[in-house]
Structures are given as structure tokens and as C-alpha cells.
Amino acid sequence: MNRLVVDVKTGSVTTVELTDREIEAINAKAALPADVPHSVSMSQARKAMVLGGVSMASVATAISGIEDATQRELAQIDWEYSTTVRRTSPLITSLGPSLNLTDAQIDALFIAASSL
């Protein structure tokens, strides 16, 4: 799968192969049921998690359990400083299993979050 990159100064177009991560993100976004929002505010997400029985302490534990130091720091930055969270974000993808949440449960949290 490829994407086109356009140089706005010269007008030249280059074809670049998508990375595996980019392909996964596209496929995941396309696979979301219609009623699941693609993103919610971080405040909405956190409130939905608490109301759904997922403690903030368990999220902190899951993040601290990420083995790769760089990935752990990136997840920590996303969790602490992002204003929105995407359903298909690497943060959600990696934390779901650590929190024992199925895809259906995560979808339900996003749906609930969108109404808060």
C-alpha cells in the first residue's frame, strides 16, 4: 500500500510505501463500527473509564509495565498530555490487553465517553 507525498514548493509527487503501523491504523479505523467515535477528549475517556470500573491506578500500572523504555515514555506522554484520544491510537491498542479490556469493551467505553 502506498501514499503520495506532494512537495508544495516544487509540485513534485513521490510515491512512498506505507509502514506496517500506518497500514494497521488505516485498517483499524475502517473496521470500527459506525456508532463508535474515532476520538473523544481525554477527560471524557478518563471519566468513562472510572464509571466503567477501570481505575486510573490500573492505567498507571499498565503504562509502567511497558517493557521498552521509549514506548513507555511515549505512552506516558500521551496519557498525561494529550487532549484527545483516538480509538485506534497506539496508546489504546497497547493498554487494552494490559487492562483486560476486549475490543468490544473499549468500543463501549468510547461510546459512553462521547456522551459525557
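The values are calculated or read from the model by the stated rules, or taken from the named source; none is laboratory data. This is a predicted model, so every value here is computed, not measured. Here Cβ is always computed from backbone atoms with ideal geometry, including for glycine, and neighbour counts include all displayed protein chains.
Cβ-Cβ under 8 Å, sequence separation 6+ or interchain: first residue in region 74-86 and modelled with pLDDT of 90 or more, partner of a type in the set (D, E, K, R). Which pairs?
Short answer, once both residue conditions are applied: V85/D78.
Specify which of the listed residues (S98, S115, S89, S58) is surrounded by 14 or more Cβ atoms within 10 Å (Cβ to Cβ), under 23 Å from D35 (Cα atoms) and polar (S, T, N, Q).
One residue alone meets the criteria, S89.
Out of the residues in region 50-75 meeting the condition of being among the aliphatic types (A, V, I, L, M) and in contact with a helix residue (DSSP H, G or I) (Cβ under 6 Å, 6 or more places away or on another chain), tell me which one is farthest from A108 (Cα to Cα).
I66
Does any residue in region 24-46 that is within 12 Å of S82 (Cβ to Cβ) come within less than 7 Å, Cβ to Cβ, of a residue that is aromatic (F, W, Y) and at pLDDT 70 or above six or more places away or on a different chain, and which pairs are these?
These pairs meet every condition: V40/F110.
Does A34 fit the bill of being at pLDDT below 90 and assigned to a helix (DSSP H, G or I)?
Spelling it out, it is not the case that A34 is at pLDDT below 90 and assigned to a helix (DSSP H, G or I).
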